[in-house]
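Read the structure below first, then the notes.
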Amino acid sequence: MTPRRLNVLVYTGTGTTSESVRQCMYSLRRLLSPNYAIIPVSESVILKEPWAPTCALLVIPGGADLGYCRVLNGEGNRRIGEFVRRGGAYLGLCAGGYYGSSRCEFEVGNKPLEVIGSRELGFYPGTCRGGAFKGFEYRSEKGARAAVLKVATGAFKNGLPETFSSYYNGGGVFVDVGRVTGRKVEVLASYAEDLDVDGGDGKAALVLCHIGDGKALLSGPHPEFAPVNLSPQPTIPGYDDLINKLQEDDDKRFSFLKACLEKLGLEVSAENATLPTLSSIHLSAVDNSQVSELLYAWAEVIDKENGEEFIAGEADRFCIQSDQDGLTLEDLQRSLPEADEHPARETGIVDYSTITKRVIAHEKALPTTEMTPRFDHKLYFSSLRRFQVKEDGAEDWGNILMYGDVVTSTNSLLEKNPKLISKLPTGFTFSAATQVAGRGRGTNVWVAPPGGLMFSTIINHPAHLAASRPVVFIQYIAAIAIVEAIQSYGVGYENLPIKLKWPNDIYALDPTRPASSKTYVKIGGILSQCGYCDGSYQIVLGIGINAINPRPTTSISDLLPANASPLYFESLLARIVTRLESIHAQFRRQGFSENLEQRYYRHWLHTGQAISLEAEGGVRARVLGITRDWGMLRAEETDAEGRGTGKIWTLQSDENSFDFWKGLVRRKQ
């Protein structure tokens with residue numbers, strides 16, 4: 001299973017500045033979503049986790065490159081260099097540009113700031129010298145300016161403006177590019193103004209370096225800085241003029257940055273992908289009285305302010321409204337977050353945690369499709385009833401549904417607000433069409449676009465069952481439920497080539513490759529987060545499935561034969577929830593029984609798979625299965641000819657954010 005490179009990793013560790021990271025994340029998400037997941041990573045990830053196989057681009061943003069040297073010299077740089085040489089892409093911005101050169105010369109002669117020394121990566125086989133313009137101060141905008149860049153238009157396929165202004169604050173010039181030998185280096189843009197340092201043969205501001213099968217783009221200025229996100233600096237003369245100049249040239253800047261990413265081999269979005277505004281969240285149920293009952297249960301945590309009701313969660317604030325109040329569609333539209341709730345100007349960076357989330361409780365009737373244009377509640381609840389009749393033991397899960405067209409993250413809004421979920425019954429489900437801060441394995445966060453089925457379900461697992469029915473198996477039964485639900489959804493789904501990857505990912509046979517290649521791609525995943533409340537482990541089970549979204553990877557719709565039943569989000573959600581309830585009921589009765597174990601193996605990819613135990617010196621082994629007590633991986637050590645030695649290893653993941661199979665370690669006794 002060769003993974004696709006769908007991750008763009010932005011280094012956020014030692015040496016970076018928060019403003020550089022924020023601007024970088026903002027611009028990359030606008031340009032690359034939904035084709036890629038833009039993920040912040042620390043030095044620990046770079047040093048220890050298997051990030052390279054799924055990474056399309058590694059970004060080192062602005063800051064201070066001595067901090068980068070301190071934590072990444074040696075193993076970190078070895079990994080980065082190998083990643084690029086094997087076909088990866090590197091983007092170094094300002095300090096990241098210095099860091100990617102063979103030599104850094106910064107503020108030579110200015111002793112408080114002076115930095116001189118060689119750098120290990122050496123993507124640009126020469127010196128990056130700066131600041132190109134005087135005035136730089138750490139943690140200050142005093143040295144910032146709108147630097148005019150002259151674009152090397154011949155280096156790009158599409159027509160670009162000959163010049164534009166870019167934010168600049170302390171970056172360097174790449175010295176003597178014309179004299180570089182032994183490596184192909186292209187100048188993408190040069191400073192148009194006179195510099196305060198010697199740039200040698202030219203005034204190169206951005207260079208593209210070819211290294212093995214990969215590329216590194218190094219920049220002195222900050223073309224990723226969007227002026228809409230710059231704050232006024234009333235104490236700095238001329239700063240308003242700087243912002244105005246950058247705003248005048250912003251379309252040019254955006255086009256240039258887009259073209260630069262294309263030069264690195266990335267597929268940019270056809271349109272400018274701005275993050276959407278949060279929508280209202282709709283609470284409904286198969287029986288309207290269940291909504292009223294939940295509001296009654298919430299009464300003890302609801303506060304009243306100026307005639308409105310709020311739940312002040314630990315991480316988010318919720319305004320609770322009821323359709324009993326006679327709300328019209330216009331009222332609901334007015335209940336959306338106001339523009340002035342967004343702590344940034346239009347299209348700028350938004351801190352969603354500060355915005356009140358508005359929950360509309362539908363006690364009289366289900367939401368109409370005018371209220372939720374991307375979700376048909378009538379179709380969902382009719383499908384739920386239909387599948388409940390067919391599924392043994394499915395009666396309650398999914399009966400209460402919370403849905404939002406655009407939310408931050410269904411998992412985060414539940415898991416991070418214990419006050420809100422403390423009153424929720426098992427099977428309570430929260431779904432969304434778009435998540436602007438979707439949660440994934442480890443610290444992964446991304447924009448989850450429309451077209452994917454994304455939901456979270458509450459499971460209250462009694463503590464007294466934990467010894468014989470360990471919580472760890474919840475993710476396993478969820479994986480079984482997803483595959484079986486899809487394959488029993490309707491006509492034409494029975495033989496869809498969908499499998500499990502241990503422990504909690506969903507894969508499908510890649511329809512773009514010959515079937516004989518047995519190439520599988522990820523189409524879904526499971527995130528299980530656990531807390532404790534009133535004698536039960538309260539699990540927020542998050543599930544994401546690529547249903548009909550064309551990007552960033554294969555979806556269920558790509559696998560369907562011509563005669564297949566139509567695929568509807570609402571019906572698929574109902575199918576998964578009912579199968580999950582049925583399997584969970586079996587798990588509560590019998591534990592992870594032989595029946596469940598065999599069903600898990602029937603759907604997984606790994607029986608007999610050869611693995612290497614890197615933490616044990618590269619020992620080779622063959623996968624046998626999982627343990628029935630704690631769900632660990634069982635493997636038999638093999639000799640040089642692949643024959644079993646009889647030595648059994650019990651393995652667990654190191655819980656890295658990218659590939660459990662690249663971080664197998666022996667179970668701690």
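The values are calculated or read from the model by the stated rules, or taken from the named source; none is laboratory data. The shown structure was predicted, so the numbers you read here are calculated from the model rather than taken from an experiment. Every residue, glycine as well, gets a Cβ built from its backbone with ideal geometry; the counts of neighbours run over all protein chains shown.
Only strands (runs of 3 or more DSSP E) whose full extent lies in segment 253-313 are considered here, and the ones with at least 3 residues that are buried (at least 20 other Cβ atoms within 10 Å of the Cβ) are 281-285.
On the basis of being surrounded by 17 or more Cβ atoms within 10 Å (Cβ to Cβ), of a type outside the set (Phe, Trp, Tyr) and over 28 Å from Leu424 (Cβ atoms), does Val540 make the cut?
So Val540 does not fit the description; no.
If I filter segment 86-99 for residues that are more than 22 Å from Ser27 (Cα to Cα), under 34 Å from the mean Cα position of the chain (by Cα) and in contact (Cβ under 8 Å) with a residue 24 or more places away in the chain, do I get at least one hit? So far as segment 86-99 goes, yes, one or more of its residues are more than 22 Å from Ser27 (Cα to Cα), under 34 Å from the mean Cα position of the chain (by Cα) and in contact (Cβ under 8 Å) with a residue 24 or more places away in the chain.
If you check Ile459 against the conditions, is it farther than 26 Å from Ile548 by Cα, at pLDDT 90 or above, part of a strand (DSSP E or B) and not aromatic (Phe, Trp, Tyr)? For Ile459, the condition - farther than 26 Å from Ile548 by Cα, at pLDDT 90 or above, part of a strand (DSSP E or B) and not aromatic (Phe, Trp, Tyr) - is met. Just wondering, is there one or more residues in segment 176-194 that are within 28 Å of the chain's Cα centre (by Cα) and modelled with pLDDT under 95? No: segment 176-194 contains no residue that is within 28 Å of the chain's Cα centre (by Cα) and modelled with pLDDT under 95.
From Ile482, Ile477, Ile506, which residue is more than 21 Å from Ser593 (Cα to Cα), surrounded by 18 or more Cβ atoms within 10 Å (Cβ to Cβ) and either β-branched (Val, Ile, Thr) or not assigned by TED's automatic domain parsing to the domain that holds Arg385 (or both)? Checking each option against the conditions leaves just Ile506. Scanning segment 504-544 for residues that are among the acidic types (Asp, Glu) and closer than 20 Å to Arg469 by Cα turns up just one, Asp534. The selection criterion, being surrounded by fewer than 23 Cβ atoms within 10 Å (Cβ to Cβ), touching a Pro at 6+ places or on another chain (Cβ under 8 Å) and either assigned by TED's automatic domain parsing to the domain that holds Phe123 or touching a residue at least 24 places away in the same chain (Cβ under 8 Å) (or both), does not hold for Pro40.
Does any residue of segment 578-601 turn out to be of a type in the set (Val, Ile, Thr) and farther than 27 Å from Leu424 by Cα? The answer is no, given that none of the residues of segment 578-601 is of a type in the set (Val, Ile, Thr) and farther than 27 Å from Leu424 by Cα. Checking every residue in segment 249-266 against the condition of being free of Cβ contacts under 8 Å to residues at least 24 places away in the same chain, among the hydroxyl-bearing types (Ser, Thr, Tyr) and out of contact with any Lys or Arg (no Cβ under 7 Å at 6 or more places or on another chain) gives zero matches. For segment 53-75, the criterion of being among the aliphatic types (A, V, I, L, M), surrounded by 19 or more Cβ atoms within 10 Å (Cβ to Cβ), at pLDDT below 95 and within 25 Å of Tyr36 (Cα to Cα) is satisfied by no residue at all. Here segment 90-128 is the region considered, the condition is being out of contact with any helix residue (DSSP H, G or I) (no Cβ under 9 Å at 6 or more places or on another chain) and hydroxyl-bearing (Ser, Thr, Tyr), and the residue that is surrounded by the fewest Cβ atoms within 10 Å (Cβ to Cβ) is Ser118.
Restricted to strands (runs of 3 or more DSSP E) entirely inside segment 601-662, no element has at least 1 residues that are in the same structural domain as Ala466 (by TED's automatic domain parsing), under 27 Å from Phe587 (Cβ atoms) and modelled with pLDDT of 85 or more.
Taking the conditions exactly as written (more than 17 Å from Tyr99 (Cα to Cα), not assigned by TED's automatic domain parsing to the domain that holds Pro514 and not in a strand (DSSP E or B)), does Arg29 satisfy them or not? Yes, satisfied. Just for segment 525-564: of the residues that are part of a strand (DSSP E or B) and touching a Gly at 6+ places or on another chain (Cβ under 6 Å), which one is farthest from Gly492 (Cα to Cα)? Only one residue tops the list, namely Gln538.
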